[in-house]
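The values are calculated or read from the model by the stated rules, or taken from the named source; none is laboratory data. Note that the structure is predicted; figures quoted are calculated from it, not measured. Cβ: placed from backbone, ideal geometry, glycine included. Neighbour counts: every protein chain shown. Accessible surface areas use protein heavy atoms only, side chains included; no ligands, DNA or RNA. Shrake-Rupley method; radii C 1.70, N 1.55, O 1.52, S 1.80 Å.
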Amino acid sequence: MSVLIENARVIDPVSGFDRVAPVCIQGSEILALGEIPDGFEPRRRIDASGRWLFPGLVDLSAHLREPGEEHKATIASETLAAARGGVTTLVVPPDTDPPVDSPAEVELISRRAEQACGVRVLAMGALTRALNGEQLAELAALKRAGVVAVSNAQCPLASPLVLRRAMEYAATFDLLVALSAQDAALAGSGCVHEGAVSTRLGLPGIPEAAETAALGMILALVEQTGARVHVNRLSTRRGAEMVAKARADGLPVSADVAAHQLFLTEMDAADFNPFCHVIPPLRTQRDREGLREAVARGEISAICSDHQPHESDSKLGPFAETRPGISALETLLPLTLRLVEDGLMTLPDALSRVTSGPAGILRLAGGHLTPGAAADFVLFDPDGRTDISPGTWLSAGTNTPFMGWSFSGHVSETWVAGRPAWTLPVEIAA
């Protein structure tokens with residue numbers, strides 16, 4: 001289908017394009033930006049006056065719970081929630097049940113995604129068989145099956161030697177290795193940041209060193225093996241500084257941060273709020289500010305949702321016994337845009353952290369509006385409101401500490417490959 005979108009403020013972080021201009025869609029691709037080619041006759045015209053048009057979001061870490069935990073959520077429910085939040089590409093960690101350690105699981109996820117609303121779902125493959133941390137998975141077969149990276153999720157590896165062998169193996173096939181920087185022995189059974197708050201609450205803490213010690217080993221092995229490595233969900237100022245130095249030294253390393261780490265701190269868990277039980281834990285205000293600065297400078301080039309939906313029972317009971325994680329697909333864009341309101345960064349820079357930044361890490365062709373690119377984009381009304389409430393929430397998991405928050409603007413439409421994946425209902429738009 002050919003579509004002409006007129007009068008929108010078009011923002012492309014890659015090219016720097018930012019002005020009111022037409023966008024021409026032909027089939028699944030962007031045909032032209034800023035001009036209407038001769039002979040182009042659209043079958044549909046959209047007057048987007050007053051709205052913004054920017055690339056669809058690329059989320060580097062979203063647990064969809066399928067296969068294995070469909071009582072928490074499904075690919076169908078969570079891709080719809082993603083589309084509502086302006087996300088057009090989701091990357092799924094390999095810790096499903098069964099784990100994504102063979103082409104069969106990759107195919108299953110792809111097939112289920114094709115039956116959903118259209119949002120792209122890309123799988124990470126397991127670094128080790130069954131995520132057992134010992135025997136390497138068949139990385140070559142996983143790459144042929146289409147995984148965008150390999151990871152052991154939050155499952156620990158048996159030793160640094162296993163990680164070295166895995167990184168050498170992945171480097172042979174130019175596979176990105178995505179790692180969580182947390183030393184399992186130092187983290188122990190911790191559930192909050194180790195500090196004054198954990199002491200006052202009587203809860204076991206996870207020290208900063210759990211992240212920095214693991215990160216130091218990872219960076220040393222990147223230098224040793226030359227593997228491309230992405231560090232998922234940094235949580236400390238010191239960790240961000242270590243990644244920044246490694247990047248300045250020319251190491252092939254990148255990092256992301258979960259959006260909630262840019263707004264919440266250990267103090268938000270001080271009343272035993274189970275919705276603030278996350279791993280890595282919410283850290284200090286100094287850590288939060290350090291992460292925000294690293295994002296603003298581009299040293300952390302991606303913001304992810306770290307989406308982890310849970311059924312309500314998982315957040316009942318004593319804090320330490322609740323399941324960690326936040327349902328976060330629908331707050332990724334609002335929180336990112338709040339960074340602009342806070343004066344931390346410009347609108348194009350903020351959008352790049354959730355579009356072209358993560359796409360570049362994965363070497364995907366998306367995340368921009370260049371003619372010839374897939375027509376994955378968002379129409380956004382900056383004059384609207386996004387109220388986080390049960391009545392507007394689409395994810396099967398309602399475990400969010402942002403319930404009740406209100407944000408400026410709302411997503412009007414999300415398009416994937418030239419087709420609408422989600423459109424704002426009239427009653428909500430009104």
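Listed here are the residues, each with its yes/no results for (1) assigned to a helix (DSSP H, G or I); (2) within 17 Å of the chain's Cα centre (by Cα); (3) at pLDDT 95 or above.
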{"residue": "LEU333", "(1), (2), (3)": "yes, yes, yes"}
{"residue": "ASP349", "(1), (2), (3)": "yes, yes, yes"}
{"residue": "PRO382", "(1), (2), (3)": "no, no, yes"}
{"residue": "TRP393", "(1), (2), (3)": "no, no, yes"}
{"residue": "ALA396", "(1), (2), (3)": "no, no, yes"}
{"residue": "THR400", "(1), (2), (3)": "no, yes, yes"}
{"residue": "MET403", "(1), (2), (3)": "no, no, yes"}
{"residue": "GLY409", "(1), (2), (3)": "no, no, yes"}
{"residue": "SER412", "(1), (2), (3)": "no, no, yes"}
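Any idea how many residues of the range 240-254 are under 10 Å from ALA294 (Cα atoms) and touching a Gly at 6+ places or on another chain (Cβ under 9 Å)? Working first, answer last.
Keep residues of the range 240-254 that are under 10 Å from ALA294 (Cα atoms), which gives 240-241, 243-244.
Right, trim to touching a Gly at 6+ places or on another chain (Cβ under 9 Å) and you get 240-241.
The total comes to 2.
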Would the range 377-389 turn up any residue that is closer than 25 Å to LYS143 by Cβ and either free of Cβ contacts under 8 Å to residues at least 12 places away in the same chain or open to solvent by 20 Å² or more (accessible area, probe 1.4 Å) (or both)?
no
Out of the range 341-369, which residues are in contact (Cβ under 8 Å) with a residue 12 or more places away in the chain, out of contact with any Phe, Trp or Tyr (no Cβ under 9 Å at 6 or more places or on another chain) and β-branched (Val, Ile, Thr)?
VAL354, ILE361
So THR331 ticks every box in (1) within 16 Å of LEU262 (Cα to Cα); (2) in contact with a Gly (Cβ under 8 Å, 6 or more places away or on another chain); (3) surrounded by fewer than 23 Cβ atoms within 10 Å (Cβ to Cβ); (4) of a type outside the set (A, V, I, L, M, F, W, C) but one. Which box is left unticked?
(3)
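Quick check on my filter: what residues within the range 18-37 are more than 19 Å from ARG120 (Cβ to Cβ), open to solvent by less than 40 Å² (accessible area, probe 1.4 Å) and either touching a residue at least 40 places away in the same chain (Cβ under 8 Å) or among the aromatic types (Phe, Trp, Tyr) (or both)? So that I can check it myself, show each step before the final result.
The first filter runs over the range 18-37 and keeps only residues more than 19 Å from ARG120 (Cβ to Cβ), leaving 18-24, 26, 31-37.
Then drop every residue that is not open to solvent by less than 40 Å² (accessible area, probe 1.4 Å), which leaves 21-24, 32-34.
The answer is VAL23, ALA32, LEU33.
Can you pull out the residues in the range 52-94 that are basic (Lys, Arg) and open to solvent by 10 Å² or more (accessible area, probe 1.4 Å)?
Step one: of the range 52-94, the residues basic (Lys, Arg) are 65, 72, 84.
Result: ARG65, ARG84.
What residue, of THR400, THR355, is buried (at least 18 other Cβ atoms within 10 Å of the Cβ) and touching a helix residue (DSSP H, G or I) at 6+ places or on another chain (Cβ under 7 Å)? Explain how you work it out, then say what you get.
Numbers: THR355 fails: touching a helix residue (DSSP H, G or I) at 6+ places or on another chain (Cβ under 7 Å).
Of THR400, THR355, the one residue that is buried (at least 18 other Cβ atoms within 10 Å of the Cβ) and touching a helix residue (DSSP H, G or I) at 6+ places or on another chain (Cβ under 7 Å) is THR400.
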